[in-house]
1. Only residues that are farther than 11 Å from Thr61 by Cβ and of a type in the set (A, V, I, L, M, F, W, C): list them for segment 71-90, please.
2. Could you check how many residues of segment 1-30 are farther than 22 Å from Gln74 by Cα and surrounded by 15 or more Cβ atoms within 10 Å (Cβ to Cβ)?
3. Which of the residues that make up segment 48-95 are hydroxyl-bearing (Ser, Thr, Tyr) and at pLDDT below 90?
4. Thr61 fails exactly one of the following numbered conditions: (1) in contact (Cβ under 8 Å) with a residue 60 or more places away in the chain; (2) not basic (Lys, Arg); (3) not in a loop (DSSP other than H, G, I, E, B). What is the number of that condition?
5. So which residues in segment 14-50 are part of a helix (DSSP H, G or I) and either touching a residue at least 40 places away in the same chain (Cβ under 8 Å) or polar (S, T, N, Q) (or both), if there are any at all?
6. Does any residue of segment 70-93 turn out to be farther than 23 Å from Leu11 by Cβ and among the aliphatic types (A, V, I, L, M)?
7. Can you tell me which residue among Glu36, Glu55 is loosely packed, with under 15 Cβ neighbours inside 10 Å and among the acidic types (Asp, Glu)?
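The values are calculated or read from the model by the stated rules, or taken from the named source; none is laboratory data. Treat the numbers as computed from the prediction; the structure is a model and nothing was measured. Please note: Cβ atoms are built from the backbone with ideal geometry, for glycine as well, and neighbour counts cover all protein chains shown.
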Amino acid sequence: MPTGRIYLLPLDQFAFAEMDNDGKEQLLHLSFATHEIMVRGHALRRIETALHRLELSFITTLPAKYHPLVPDGQPKIRDIVVTEIKPGAEPGQLN
């Protein structure tokens, strides 16, 4: 996600979350009516839980040099990719 860009997505358009674990990192897929968000990092279950409870207000990436300062079990986000879903696109086809 480009530095300085902020997305504000309405929580009433949140559809679902899906978590994948590739051994080293987790991938959290958040699906909204108009956007798909892919979050890569560690301990992302806490973010998923906060979103489902409507308690999540903000997420951002954390530079790797700060990862050692974050206590174990706390989320560490390495990458966020936001993709807009274009009107008329087939399900699973993102633009």
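1. Within segment 71-90, Val82, Ile85, Ala89 meet the criteria.
2. Result for segment 1-30: 1.
3. Start the filter on segment 48-95 by keeping residues that are hydroxyl-bearing (Ser, Thr, Tyr), which leaves 49, 57, 60-61, 66, 83.
Hit for segment 48-95 is Ser57, nothing else.
4. Every condition holds for Thr61 apart from (3).
5. First, pick out the residues of segment 14-50 that are part of a helix (DSSP H, G or I): 45-50.
Scanning segment 14-50 gives a single hit, Thr49.
6. yes
7. Numbers: Glu36 fails: loosely packed, with under 15 Cβ neighbours inside 10 Å.
Only one candidate passes the filter, namely Glu55.
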